[in-house]
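Visitor: Before I ask anything, let me first share the structure, which is written out below as structure tokens.
The values are calculated or read from the model by the stated rules, or taken from the named source; none is laboratory data. Bear in mind the structure is a predicted one, so any value in this text is a computation, not a measurement. All Cβ positions, glycine included, derive from the backbone under ideal geometry; neighbour counts span all protein chains shown.
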Amino acid sequence: MQGLELKNLEKHYSGNDQPTIRRFSAKFEPGEFVVLVGPSGCGKSTLLRMIAGLVPVSNGAINLDGKDITNVESNLRNISMVFQNYALFPHMNVYENLAFGMRIRKEATQTIEKTVTEAAKILHLQDLLDKKPGALSGGQRQRVALGRAFVRKPKVILFDEPLSNLDARLRIEMRQEILKFHEQCGAISIYVTHDQHEAMTMADRMIILNQGVACQTGTPEEVYNNPVDQFVAGFVGSIPMNFIHGRGILNEGRSFFQVGSYKIDLSHIGKDYQLDWSKNSGGLTLGVRPEDIYLDEHYSHAVAPSPKMAAQVKMVEYLGDSTIVHLEGDIGSFKSRFNKDLRVRKSQKLDFVFDLKKLHLFTEEGNKLPC
Amino acid sequence: MWIILLAILLYAEICVGATLVYWCATNPDEIELAKRLVKEWNHSHSETTIKLQPVPAGASSEEVLLAAIVAKTNPDIYSNMLPAMLNKFVKADTLLRLDGLKNFAKETEARIGATILKDYRSPDGHYHQWPWKLNPVMLVYNIDLFQKLNIKPPRTYDEFWTAAKKLTADTDGDGRVDRWAMSPSMTVMWWQRLYDFLPFYMAATNGRSLLNQGRADFNNVSAIAVMDFFQRGFARGYFPKSGTVSNLFAQQKVGMTIVGPWALKMFERSMAQKFNFKTIPIPVPDGHHGPAYTFGDPKSFVVFKNTQHPEAAWEFVKFMTSKKADKLLLDITGQIPVRKGLINDSYYKEVFVRRKNLIPFASQVPFTKPGDNSEHIVEILDFLGQQYEASAVYGTIPANKAIENAANHVEHIYKNW
Amino acid sequence: MQSEQSHSKAGILFTSPYLIHLVVFFLYPVGFSLYLVFHRWDLMTDPEYVGLRNFTYLMSDHLFWQALTNTLYFLVIHIPLQIIVALALAIVLAKPLKGRVFFRATFFLPVVISGAAVTILWQRLYSTEVGLINYVLSLVGIDAVPWLTDPGIAMPAIAIMATWKNLGLYVVFFLAGILAIPQTVYEAAKMEGASSWHEFRYITLPLLKPTMFLVVVMSTLGGFNLFIEPYVMTGGGPLGSTMSVVLYMYKQAFSFQHMGYAATLGFALALIIMVCVFIQKKYLDSERYY
């Protein structure tokens, strides 16, 4: 099989009760750009280092193009890595940084020069070859780090939070560069980040990791629209999903979510919940994204409105393209994203509705109820 | 405020009488002697109080004294002055001229005699020191060992080598020599030469000095013979080449040693096994005529010029060197007072009866020399020490070359400093 | 106006401990030494002006040149030895070993013990007849080595001792330098196929260059000040082979009371050290990366 396959990978560190990585399995197709995303400490860097061969694997196997490389030395795996702080050799100039691996492997000078020149051309480093990393800007250093990965002509390139040291504007620029670079390399790119926004914008596929376990794998769209559990739902999205705690009830054969005096019809999200709510405690969490909340009568025909609910404005964040409004009502505190033209003031009282088609429902344990 | 307090203190001082500070040497015997005499003095002299203090710790008492003079914390009276070092202090005009004091001539005549005193005269013709005691440097040998090995006490170098040959041996049969003839110092410390090269040179030359009117006076056969003597001893393995400083004589690991009388008590105290020893003069080159002179290792009293009470200090010096005090000195420390006719004086007879082993040292006194009185003596002996080390200990240069180098360096020192 | 004045008063008051220290222990001694360079002074009599005579004497004083040669010989052994041993130890101690805190503290211990005490201890260790070192050598059948009494061995022996004494300090410097190198740089090298030797040769060593410069300069300064070891152990012997410049200076000052000449020696030494450090700076100093 072509591509990279991880089978039931596990990592135990002595002294830790819980494994850092638990039964992690995944397949990566050639040319794919996969983002591993999760909060800090979720094990994503460890996983990356296991693939790189920098951290030994406790259990499981790594196959690359059908070959087991679980215990192969990292330099023989045909895998490159771009490190968080670039890990450039500060005492060597750009040329030497790019040539380091080849020199260690005692490749011919002409080969080295040809390869380095090629990489420099692709990454626009031609004028910087005799500069030392200390004299370069953050973006330039990043490009050198990419170049160092490129000259290996690897089958897999691993990125360990490569943009976290850059400022916001440069980060957006570099995302495009990295994607372009990925296309030029044609390798499998596995990209680690804790920034869901970066993950969403860059990934062909993303894997959400929490406490050493892969929660969900899928395209950014799939993950955004159909989060498998409350964790993923809360993690993905620049303004997190609102969660409202209430109860499920059955009324005349139809399922409703009750919070305070409000009853919200659940029949619009997929099939009808013909559940016997009285059998469990009945506690439920309703998830609604900020953009799926509308001011009363400001919604289009596509929206299936919930009953009107009342709330008071606590804070307004004007973003230009939209406005984030912090609200507090009988159902608790929540945030909504409104059209930029809408003007609301602090302390203003207003009525709003949810789009019943865009609701998510979770058990008290955070598991998604089947739709 | 401070000034008033100081004034009151000064006034009190004047009313109570004079207080003089006296520094003595730091070895236990001398401290005991000083304590007894000072106590007696303070008891009977209410007008002048003596404050006793052993020389503060330092690399050498000379360095401490120098530092004290610079800092103006020097004592009024000091009793450990090496006459060879005196000139430096005289030149700096720090010492009181004693020959202008009351009864100096009379006191000299009574205790020392004009002939001996002349050796202690400063280059300006005056006297700045009061000769106190001597430690003639002599050869002490293990008489039991000598008798056992049938060795004659050596008077000449020839006899010395005969003895050395018999003494040097591997006594426990482990293939390594563990008994030697003698253990001269290997270090270059300048004062070590006062106990090896200098006494042998004086013995070989009837008490000649190293210097004469600011010039080296030792570039001669005798000096070369002495240097050669030590070179042979080390080269032939009669003298051990080891850095240990332990007392090999008391351990019977050497048959002979060169010391002054102060060391006898120490030997008796540190002997592992009791044995008898005897003292004879320093060996002389073969064919030498006349007595064997030696370095007397004298120590003198001096009074510093900045004392407030010169007359009282002089009285104390006289007290410390009185007939009675000299007897205590002899008895307690085993060191020999600079006193004419000491050995025949019935007053001291009982000490010599009790301590027979002091007799050879006391008899040697007329044949001792105080050493050269030069302000450059330390530097000269230091350089001589380096030549001694090179020639005698390591044998890297011949004896005549070593002596020539040392003599040239003396010229160099006088020319440059 | 009033407050400004009281401010400056407070300023003077606050800086006075340093100012007093500077004047009493630095400016005055240096100034006085400079004055002495042109004088002869035996401590007791008034200094006598001699112009450049101390300097011309220095130029022809072969004992000084021998002391300088000895000191340079000491440095030639001491500095490389110090660097190799300290660096090797630092590399080992930088690894996550069991009990490394204990070892780090232990190796630092000799640094805080007084030099005189250490010297006396090593004098015993080096003793030809009863020393522990020769005893250990005798166990493996090696004849007693006259550590301090052989003119060819004494200086290397002192250099070994001085290396041991200062080891902890330089281990700490190197350790700090090594720990400042990010782990990812090693990981990057490893992924390129670098062996442990490659890592040391191409990563650790070049990145320790600033530390290396510091260690070289500090051990040069310390080495030129070699004094207490020969003073206590050998007195400059055997055959003057361990007579260092500072010991010679001490001897001129306090044994011979040639204060002016000793001051001249001091200035000459300072000048030589300056030249040495300047050369080292030229060839060893580099930018700091971390």
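Visitor: Looking for whichever is among the hydrophobic types (A, V, I, L, M, F, W, C), farther than 30 Å from B:G125 by Cβ and assigned to a helix (DSSP H, G or I) here; the options are B:A163, B:A203. Which one fits? Give the derivation first.
Guide: Values: B:A203 fails: farther than 30 Å from B:G125 by Cβ.
Just a single option satisfies the conditions, and that option is B:A163.
Visitor: Quick check on this structure: which one of B:D217, B:D196, B:D228, B:D286 is modelled with pLDDT of 90 or more and touching an Asp or Glu at 6+ places or on another chain (Cβ under 6 Å)?
Guide: Details: B:D217 fails: touching an Asp or Glu at 6+ places or on another chain (Cβ under 6 Å); B:D196 fails: touching an Asp or Glu at 6+ places or on another chain (Cβ under 6 Å); B:D228 fails: touching an Asp or Glu at 6+ places or on another chain (Cβ under 6 Å).
One residue alone meets the criteria, B:D286.
Visitor: I've got another one for you. Determine whether B:N42 is modelled with pLDDT of 85 or more, of a type in the set (S, T, N, Q) and under 25 Å from the mean Cα position of the chain (by Cα). If you could, list the steps in order and put the result at the bottom.
Guide: Working: modelled with pLDDT of 85 or more: yes; of a type in the set (S, T, N, Q): yes; under 25 Å from the mean Cα position of the chain (by Cα): no.
Taking the combined requirement at face value, the residue does not satisfy it.
Visitor: Which one of these is surrounded by fewer than 21 Cβ atoms within 10 Å (Cβ to Cβ), part of a helix (DSSP H, G or I) and not basic (K, R): C:Y248, C:Y283, C:Y261? Let's see the steps before the verdict.
Guide: Working: C:Y248 fails: surrounded by fewer than 21 Cβ atoms within 10 Å (Cβ to Cβ); C:Y261 fails: surrounded by fewer than 21 Cβ atoms within 10 Å (Cβ to Cβ).
The unique qualifying residue is C:Y283.
Visitor: Residues to consider are C:F38, C:F74, C:F64; find the one that is closer than 30 Å to C:T204 by Cβ and crowded, with 16+ Cβ neighbours inside 10 Å.
Guide: Details: C:F38 fails: closer than 30 Å to C:T204 by Cβ; C:F64 fails: closer than 30 Å to C:T204 by Cβ.
The match here is C:F74.
Visitor: Output the residues belonging to segment B:74-102 that are free of Cβ contacts under 8 Å to residues at least 60 places away in the same chain and farther than 17 Å from C:D42 by Cα. Please lay out each step first, then the result.
Guide: Of the residues in segment B:74-102, the ones free of Cβ contacts under 8 Å to residues at least 60 places away in the same chain are B:90, B:92, B:97, B:99-100.
Correct list: B:R97, B:D99, B:G100.
Visitor: Continuing with the same structure: Starting from segment A:3-23, keep only residues that are over 13 Å from A:L47 (Cβ atoms) and surrounded by 12 or more Cβ atoms within 10 Å (Cβ to Cβ), then list their pairs with residues that are of a type in the set (K, R) and modelled with pLDDT of 90 or more whose Cβ atoms are within a distance under 6 Å, requiring at least 6 positions of separation or different chains.
Guide: Partner pairs satisfying both residue conditions: A:E5/A:K27.
Visitor: Looking only at segment B:195-217, how many residues end up being of a type in the set (S, T, N, Q) and touching a Lys or Arg at 6+ places or on another chain (Cβ under 8 Å)? Give the steps one after another, and end with the answer.
Guide: Our first condition is that a residue be of a type in the set (S, T, N, Q); within segment B:195-217, this holds for B:205-206, B:209, B:212-213.
From what is left, the residues that are touching a Lys or Arg at 6+ places or on another chain (Cβ under 8 Å) are B:209.
Adding up the residues that qualify gives 1.
Visitor: What about B:T26, is it more than 14 Å from every other protein chain (Cβ to nearest Cβ), surrounded by fewer than 21 Cβ atoms within 10 Å (Cβ to Cβ) and not in a helix (DSSP H, G or I)? Give the steps one after another, and end with the answer.
Guide: Details: more than 14 Å from every other protein chain (Cβ to nearest Cβ): yes; surrounded by fewer than 21 Cβ atoms within 10 Å (Cβ to Cβ): yes; not in a helix (DSSP H, G or I): yes.
Against the criterion (more than 14 Å from every other protein chain (Cβ to nearest Cβ), surrounded by fewer than 21 Cβ atoms within 10 Å (Cβ to Cβ) and not in a helix (DSSP H, G or I)), B:T26 qualifies.
Visitor: Can you find even one residue in segment A:35-45 that is among the aliphatic types (A, V, I, L, M), surrounded by fewer than 23 Cβ atoms within 10 Å (Cβ to Cβ) and more than 9 Å from every other protein chain (Cβ to nearest Cβ)? Working first, answer last.
Guide: Narrowing segment A:35-45 to residues among the aliphatic types (A, V, I, L, M): A:35-37.
From the residues that got through so far, the ones that are surrounded by fewer than 23 Cβ atoms within 10 Å (Cβ to Cβ) too are none.
No, segment A:35-45 contains no residue that is among the aliphatic types (A, V, I, L, M), surrounded by fewer than 23 Cβ atoms within 10 Å (Cβ to Cβ) and more than 9 Å from every other protein chain (Cβ to nearest Cβ).
Visitor: Here's something else I'd like to know. Hey, C:A90 hits all of (1) more than 28 Å from C:M249 (Cα to Cα); (2) at pLDDT below 90; (3) in a helix (DSSP H, G or I) but one; which does it fall short on?
Guide: Only one criterion is unmet by C:A90, namely (2).
Visitor: Please find, within segment A:93-132, the residue that is nearest to A:L158 (Cα to Cα) out of those that are facing another protein chain (nearest Cβ under 8 Å) and among the hydrophobic types (A, V, I, L, M, F, W, C).
Guide: Looking at the filtered set, the residue picked out is A:F100.
Visitor: Find all pairs meeting these conditions: Cβ atoms under 9 angstrom apart; at least six residues apart or on different chains; first residue within segment C:124-136 and within 12 Å of chain B (Cβ to nearest Cβ); second residue basic (K, R) and surrounded by 14 or more Cβ atoms within 10 Å (Cβ to Cβ).
Guide: So the pair list comes out as C:T128/B:K241.
Visitor: Could you name every one of the helices (runs of 4 or more DSSP H) located completely within segment B:323-417 that has at least 3 residues being of a type outside the set (D, E) and surrounded by 19 or more Cβ atoms within 10 Å (Cβ to Cβ)? Spell out how you get there, then give the answer.
Guide: Details: elements: B:323-333, B:349-354, B:359-364, B:377-388, B:399-416.
Correct list: B:323-333, B:359-364, B:377-388, B:399-416.
Visitor: How many residues does segment C:141-158 hold that are more than 11 Å from chain B (Cβ to nearest Cβ) and crowded, with 16+ Cβ neighbours inside 10 Å?
Guide: Residues that pass the stated criteria total 6.
Visitor: Looking at B:Y157, B:Y141, which is the one that is aromatic (F, W, Y), away from chain C (no Cβ under 14 Å) and within 22 Å of the chain's Cα centre (by Cα)? Quick ask: steps written out before the conclusion?
Guide: Values: B:Y157 fails: within 22 Å of the chain's Cα centre (by Cα).
Testing whether each residue is aromatic (F, W, Y), away from chain C (no Cβ under 14 Å) and within 22 Å of the chain's Cα centre (by Cα) leaves just B:Y141.
Visitor: Where in segment A:1-61 are there strands (runs of 3 or more DSSP E), lying fully within it, with 2 or more residues that are touching a His at 6+ places or on another chain (Cβ under 9 Å) and among the hydrophobic types (A, V, I, L, M, F, W, C)? It would help to see each step written out before you state the result.
Guide: Numbers: elements: A:4-11, A:21-28, A:33-37.
The strands (runs of 3 or more DSSP E) meeting that bar are A:33-37.
Visitor: Quick one: which residue in C:W197, C:W164 is assigned to a helix (DSSP H, G or I), among the aromatic types (F, W, Y) and either buried (at least 21 other Cβ atoms within 10 Å of the Cβ) or within 11 Å of another protein chain (Cβ to nearest Cβ) (or both)?
Guide: C:W197
Visitor: Taking strands (runs of 3 or more DSSP E) that fall entirely within segment A:281-371, which contain at least 1 residues that are of a type in the set (V, I, T) and closer than 21 Å to A:S261 by Cα?
Guide: Where strands (runs of 3 or more DSSP E) fall fully within segment A:281-371 and carry at least 1 residues being of a type in the set (V, I, T) and closer than 21 Å to A:S261 by Cα, they are A:283-288, A:293-295, A:309-318, A:349-354, A:360-363.
Visitor: Is there a residue in segment C:149-172 that is β-branched (V, I, T) and at pLDDT below 90? Step through it out loud before you land on a result.
Guide: Narrowing segment C:149-172 to residues β-branched (V, I, T): C:149, C:153, C:158, C:160, C:163, C:171-172.
Applying the additional criterion that residues be at pLDDT below 90 yields C:149.
Yes, segment C:149-172 contains a residue that is β-branched (V, I, T) and at pLDDT below 90.
Visitor: What are the pairs, 6+ residues apart or on separate chains, where a residue within segment A:77-92 that is more than 8 Å from every other protein chain (Cβ to nearest Cβ) has its Cβ under 8 Å from a residue that is in a strand (DSSP E or B)?
Guide: Listed pairs, sorted by first residue: A:R77/A:L64; A:R77/A:V156; A:N78/A:L64; A:N78/A:V156; A:V82/A:I157; A:V82/A:L158; A:V82/A:F159; A:V82/A:D160.
Visitor: Within segment C:209-240, which residues are more than 30 Å from C:Q123 (Cβ to Cβ) and more than 10 Å from chain A (Cβ to nearest Cβ)?
Guide: Our first condition is that a residue be more than 30 Å from C:Q123 (Cβ to Cβ); within segment C:209-240, this holds for C:209-214.
C:P210, C:T211, C:M212, C:F213, C:L214, listed by residue number.
Visitor: Still on this structure, please answer the following. Any idea which residue in segment B:92-116 is modelled with the lowest pLDDT, counting only those that are in a helix (DSSP H, G or I) and closer than 11 Å to B:H128 by Cα? Give the steps one after another, and end with the answer.
Guide: In the first step, residues of segment B:92-116 are kept if they are in a helix (DSSP H, G or I); the result is B:98-100, B:104-111, B:114-116.
Imposing the further condition that a residue be closer than 11 Å to B:H128 by Cα reduces the set to B:98-100.
Values: B:L98: 93, B:D99: 90, B:G100: 86.
Top of the filtered list is B:G100.
Visitor: Go over the candidates A:D351, A:D330, A:D341 one by one and state the one that is surrounded by 12 or more Cβ atoms within 10 Å (Cβ to Cβ) and either of a type in the set (D, E, K, R) or in contact with a strand residue (DSSP E or B) (Cβ under 8 Å, 6 or more places away or on another chain) (or both).
Guide: Details: A:D330 fails: surrounded by 12 or more Cβ atoms within 10 Å (Cβ to Cβ); A:D341 fails: surrounded by 12 or more Cβ atoms within 10 Å (Cβ to Cβ).
None of the others qualify; the one that does is A:D351.
Visitor: When you go through C:T204, C:T220 one by one, which is the residue that is surrounded by fewer than 19 Cβ atoms within 10 Å (Cβ to Cβ) and polar (S, T, N, Q)? Before the answer, list the steps.
Guide: Working: C:T204 fails: surrounded by fewer than 19 Cβ atoms within 10 Å (Cβ to Cβ).
On inspection, the qualifying residue turns out to be C:T220.
Visitor: What are the residues in segment C:167-194 that are among the aliphatic types (A, V, I, L, M), in contact (Cβ under 8 Å) with a residue 24 or more places away in the chain and within 13 Å of chain A (Cβ to nearest Cβ), if any? It would help to see each step written out before you state the result.
Guide: If we filter segment C:167-194 for residues that are among the aliphatic types (A, V, I, L, M), which is where we start, we get C:167, C:169, C:171-172, C:175-176, C:178-181, C:185, C:188-189, C:191, C:194.
With in contact (Cβ under 8 Å) with a residue 24 or more places away in the chain added as a condition, the list becomes C:167, C:169, C:171-172, C:175-176, C:178-181.
Within segment C:167-194, C:A180, C:I181 meet the criteria.
Visitor: A follow-up question, please. Scan B:S183, B:S122 and give me the residue that is surrounded by 14 or more Cβ atoms within 10 Å (Cβ to Cβ), at pLDDT below 95 and under 20 Å from B:Y238 (Cβ atoms). Quick ask: steps written out before the conclusion?
Guide: Details: B:S122 fails: under 20 Å from B:Y238 (Cβ atoms).
Criteria check complete, one pass: B:S183.
Visitor: Restricting to segment B:250-303, give me the number of residues that are assigned to a helix (DSSP H, G or I), basic (K, R) and closer than 24 Å to B:A325 by Cβ. Steps first, please.
Guide: Residues of segment B:250-303 assigned to a helix (DSSP H, G or I): B:262-270.
This time we only want the ones that are basic (K, R), so: B:265, B:269.
Pick out the ones that are also closer than 24 Å to B:A325 by Cβ and you get B:265.
Residues in segment B:250-303 being assigned to a helix (DSSP H, G or I), basic (K, R) and closer than 24 Å to B:A325 by Cβ: 1 in total.
Visitor: Quick check on segment B:244-289: of everything there that is small (G, A, S) and crowded, with 16+ Cβ neighbours inside 10 Å, which residue is nearest to B:L145 (Cα to Cα)? Even if it seems obvious, please write down each step before you answer.
Guide: Let us first name the residues in segment B:244-289 that are small (G, A, S), namely B:246, B:250, B:255, B:260, B:263, B:270, B:272, B:287.
Now restrict to residues that are crowded, with 16+ Cβ neighbours inside 10 Å: B:250, B:255, B:260, B:263.
On the way: B:A250: 12, B:G255: 7, B:G260: 21, B:A263: 19 Å.
If we take residues in segment B:244-289 being small (G, A, S) and crowded, with 16+ Cβ neighbours inside 10 Å, then B:G255 is nearest to B:L145 (Cα to Cα).
Visitor: Restricting to segment C:43-93, name every residue that is over 15 Å from the mean Cα position of the chain (by Cα), of a type in the set (S, T, Y) and under 30 Å from C:G168 (Cβ atoms).
Guide: In the first step, residues of segment C:43-93 are kept if they are over 15 Å from the mean Cα position of the chain (by Cα); the result is C:43-67, C:69, C:84-85, C:87-93.
Keeping just the survivors that are of a type in the set (S, T, Y) gives C:45, C:49, C:56-57, C:60, C:69.
The answer is C:T69, and nothing else.
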